[in-house]
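Structure record follows, encoded as structure tokens.
The values are calculated or read from the model by the stated rules, or taken from the named source; none is laboratory data. As the structure is a prediction and not an experimental result, all values here were calculated from the model. Positions of Cβ are backbone-derived with ideal geometry, glycine not excepted, and every protein chain shown enters the neighbour counts.
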Amino acid sequence: MARPKALGGAGLLVDLYEHQGKELFARHGIPVPRGIVAETAETARTATEILGGSAVVKVQVQVGGRGKGGGVVLADTPDEAEAAAARLLSEPFKGHRVTRVLVEERLPIAHEFYAAITLDRSTGTDLAMVASEGGVDVEELARTRPEALRRLHVDPEIGLRPYHLRGLTNHLPKEARDLIEEVLAGLYDVLVRSDATLVEVNPLVLLTDGRVLALDAKVTIDDNALFRQPEIEMLRSVFPIDPVEFRAREAGLQYVKLDGEVGIIGNGAGLVMSTLDVVQQAGAAAANFLDVGGGAGAGAIATSLEVILSDPNVRSVLVNIFGGITRCDLVAEGMVEALERVEPRVRIVVRLDGTNAEEGRRILEEAGHPMVVPAATMLEAAERAARLAKAAA
Ligand code: GDP
Ligand code: MN
């Protein structure tokens, strides 16, 4: 099951979109293709004209395998770029909602490589990797063709020095080595200065004119460090990570999008995790992880519901609250308030237990909203939500 990468006190890891990662790369001197972000097919057409009449249109979602999945389209004309963007913007990609595409200049590729630096939690050092092949799965490559991969643990006290760079690139074509070493130095700079836990370029390319560019960018930032990363915050505010996710974060909610169809709201990371598991046992999959936190009031519940209902994949919602500091009557009031603000298009199964649960149930009953379904236990709630999601599919 897809799970959020870290929970509760550990903070969340924030993936940047490709275009955000590339913007960050460019600021640290790593060459990237010229590109324009487009939210409409019309903008994609204009962007293609600006880029010289042909382009690569790339769907912007935080999931890999876009190339193989039809999310990277080579367009020979502005018409083709417009049509590609119209298609990509009109449907979810691998279950992820699409709000924009990146339109980039077409470039003549001579060779593809792979480069990444990632925090290796087991050793507390950074691990740099460079492969002589691009567009590959590194783990697979490490097994099948280890000679194509160079790996090096970077001591944070010493950093990535020129002799390290030499060792990482000595299996690559001579003419590309110097420029790839510059890219690696830039990646290390991004990793350290942006509190990233991963920077990955797959593929890193050598062009026929001898230039080396990052054709793709994957950057993961440690959420705990965002307070000291005004640059990342700025990127996020200019291009919100995802409009829905952005709102959730603004409201102080722990929200992570997953690929299933049952929207989940719970209080406390542990309870939300168990809820995901029970939903899975009931034969469905969670659409998200959302922890409203302890002491969640009406406003947080209302925002949570809005956030979840705006995810087009959601076919039913399960609200699972175990009242402690959180008072179930306030949760119920929040639900009633939310249902005045948003017209739910799916059924909402609610299980309230603990502090003021009876009062909460009474409030919901009195409101008598046709889309709200009460449930007595977590298992019953999960089974109902799973059944409703199937019926709505
Ligand atoms: P991913 O599949 O989600 O990792 O998306 P990538 O950004 O890595 O793109 C997938 C593939 O599309 C790359 O491996 C390239 O072969 C191809 N591609 C992407 N951009 C360009 C480009 O500007 N020119 C050409 N010719 N191919 C590109
Ligand atoms: Mn890639």
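Miscellaneous remarks
- The helices (runs of 4 or more DSSP H) falling completely within region 259-372 that include 2 or more residues that are among the polar types (S, T, N, Q) and at negative phi map to 269-281, 298-309.
- Selection of region 166-219 for residues being closer than 26 Å to Pro146 by Cβ and within 13 Å of ligand 1 (Cβ to nearest atom) yields Glu200, Val201, Asn202, Pro203, Leu204, Val205, Leu206, Ala214, Leu215, Asp216, Ala217, Lys218.
- Qualifying residue in region 150-161 (condition: out of contact with any helix residue (DSSP H, G or I) (no Cβ under 6 Å at 6 or more places or on another chain) and under 18 Å from Val212 (Cβ atoms)): no
- Count - residues of region 150-203 that are over 16 Å from Ala131 (Cα atoms), in contact with a strand residue (DSSP E or B) (Cβ under 8 Å, 6 or more places away or on another chain) and assigned to a loop (DSSP other than H, G, I, E, B): 5
- Residue within region 205-225 that is closer than 19 Å to Gln62 by Cβ, at pLDDT below 80 and of a type in the set (A, V, I, L, M) present: yes
- Some residue of region 117-124 being within 15 Å of ligand 2 (Cβ to nearest atom), among the acidic types (Asp, Glu) and not in a helix (DSSP H, G or I): no
- When each of Ile36, Ile30, Ile50 is tested for being away from ligand 2 (no atom under 14 Å from the Cβ), over 15 Å from the mean Cα position of the chain (by Cα) and within 20 Å of Asp209 (Cβ to Cβ), the lone residue that passes is Ile30.
- Evaluation of Val57 against (1) within 16 Å of ligand 2 (Cβ to nearest atom); (2) surrounded by fewer than 17 Cβ atoms within 10 Å (Cβ to Cβ) (one fails), failing number: (2)
- Output for region 65-80, where each listed residue is on the phi > 0 side of the Ramachandran plot and without any contact (Cβ under 8 Å) to a residue 24 or more places away in the chain: Gly70
- Residues in region 125-148 that are away from ligand 2 (no atom under 16 Å from the Cβ) and within 17 Å of Tyr188 (Cα to Cα): Thr125, Asp126, Leu127, Ala128.
- The set of residues from region 109-129 being more than 23 Å from the chain's Cα centre (by Cα) and more than 16 Å from ligand 1 (Cβ to nearest atom) comprises Ser122, Thr123, Gly124, Thr125.
- Within region 48-65, the set of residues being near ligand 1 (Cβ under 8 Å from one of its atoms), modelled with pLDDT of 90 or more and either within 11 Å of Glu18 (Cα to Cα) or hydroxyl-bearing (Ser, Thr, Tyr) (or both) comprises just one member, Lys58.
- Per this entry, Gly134 is counted among residues that are touching a Phe, Trp or Tyr at 6+ places or on another chain (Cβ under 6 Å), within 16 Å of ligand 1 (Cβ to nearest atom) and in the same structural domain as Thr220 (by TED's automatic domain parsing).
- Candidate set from region 90-107 (those that are within 17 Å of the chain's Cα centre (by Cα) and either on the phi > 0 side of the Ramachandran plot or modelled with pLDDT of 95 or more (or both)); member that is farthest from ligand 2 (Cβ to nearest atom): Gly95
- Count of region 300-353 residues which are polar (S, T, N, Q), in contact with a helix residue (DSSP H, G or I) (Cβ under 9 Å, 6 or more places away or on another chain) and surrounded by 21 or more Cβ atoms within 10 Å (Cβ to Cβ): 4
- Restricted to region 66-87, and to residues there that are within 16 Å of ligand 2 (Cβ to nearest atom) and of a type in the set (A, V, I, L, M, F, W, C), the residue that is surrounded by the fewest Cβ atoms within 10 Å (Cβ to Cβ) is Leu74.
- If you go through region 125-149 and keep only what is assigned to a loop (DSSP other than H, G, I, E, B), touching a residue at least 40 places away in the same chain (Cβ under 8 Å) and more than 15 Å from Pro173 (Cβ to Cβ), you end up with Gly135, Val136.
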